[in-house]
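Following: one structure in structure tokens, then a few remarks.
The values are calculated or read from the model by the stated rules, or taken from the named source; none is laboratory data. Source: prediction; values computed, not measured. Every residue, glycine as well, gets a Cβ built from its backbone with ideal geometry; the counts of neighbours run over all protein chains shown.
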């Protein structure tokens, strides 16, 4: 829309310049009073063709003829330019929407971010940093435009509507973030999403503590209260500043390019059946195993060296991005090279 307003402003300035030229000409050449000169210039360039306000002499009629030709050309240009801009904008929007829908239709194992408010934008920033595919859904047109301008896939849609969720590939998605404004909307969204894709990983925000259990019963795998999390981090930064700094570095993969990641071990991996002491992750790959999450949900922190790796385990590791990527290749049955 901005370029339409810029075009309209340019056209308006051009018309104003022609009006000013015509008004000045009638004042100087035909000695018209200022208002009469403006009125005469206006009816001339708009080709209304009423009558001469005051009788024109030869010089005045020559100027009027020149103004008529110049003014008519200006008005035709103005109408044409505005029409072209509006048509191009509508056609461009249509093409952009079709392109966006096609790109979304091709998404697989992606994430769906529902809500692009302050919490949603924070989640989107982390998804962008993690370089994972995701789609933004929001009912606010300005927020959707902001997401698109930031290079994200985004649609103007009600995320509590099953049909809209299908359009963004809910059946093919890996995870969903419920960041809508109200707990009731997030609860309804979780119920809809889980009914369409029971295997979907869902994280939700809540505003009231009483809503947390409802979200979990509805199928949310993780529930967060933004103000509680913020308050906790503020207190940590004062009580344990170095720990908070470490968690910031580990959690955001900033500065040292170090982060905490999770990697799942498939049955075909050469790691299965071997102990941590045999694998020597830190020496061979440069990663530290912080914890192992078993298939039954048991989380083992700081596992001992004799602990065996099993198929289906999820390793919580810390290391540089490249080192973690090599470990991921191993857990999927590939090589570390």
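Within the set 92, 120, 175, the sole residue that is exposed (fewer than 15 other Cβ atoms within 10 Å of the Cβ) and either at pLDDT below 90 or closer than 21 Å to residue 223 by Cβ (or both) turns out to be 92.
If you check 207, 211, which single one turns out to be surrounded by fewer than 17 Cβ atoms within 10 Å (Cβ to Cβ), touching a residue at least 24 places away in the same chain (Cβ under 8 Å) and farther than 21 Å from residue 106 by Cα? Let's see the steps before the verdict.
Details: 211 fails: surrounded by fewer than 17 Cβ atoms within 10 Å (Cβ to Cβ).
On inspection, the qualifying residue turns out to be 207.
Meeting the requirement of 2 or more residues that are touching a helix residue (DSSP H, G or I) at 6+ places or on another chain (Cβ under 7 Å) and closer than 30 Å to residue 162 by Cα, the strands (runs of 3 or more DSSP E) wholly within region 194-311 are 201-205. Any chance region 292-300 includes a residue that's under 36 Å from the mean Cα position of the chain (by Cα), surrounded by fewer than 17 Cβ atoms within 10 Å (Cβ to Cβ) and under 20 Å from residue 132 (Cα atoms)? So far as region 292-300 goes, no, none of its residues is under 36 Å from the mean Cα position of the chain (by Cα), surrounded by fewer than 17 Cβ atoms within 10 Å (Cβ to Cβ) and under 20 Å from residue 132 (Cα atoms).
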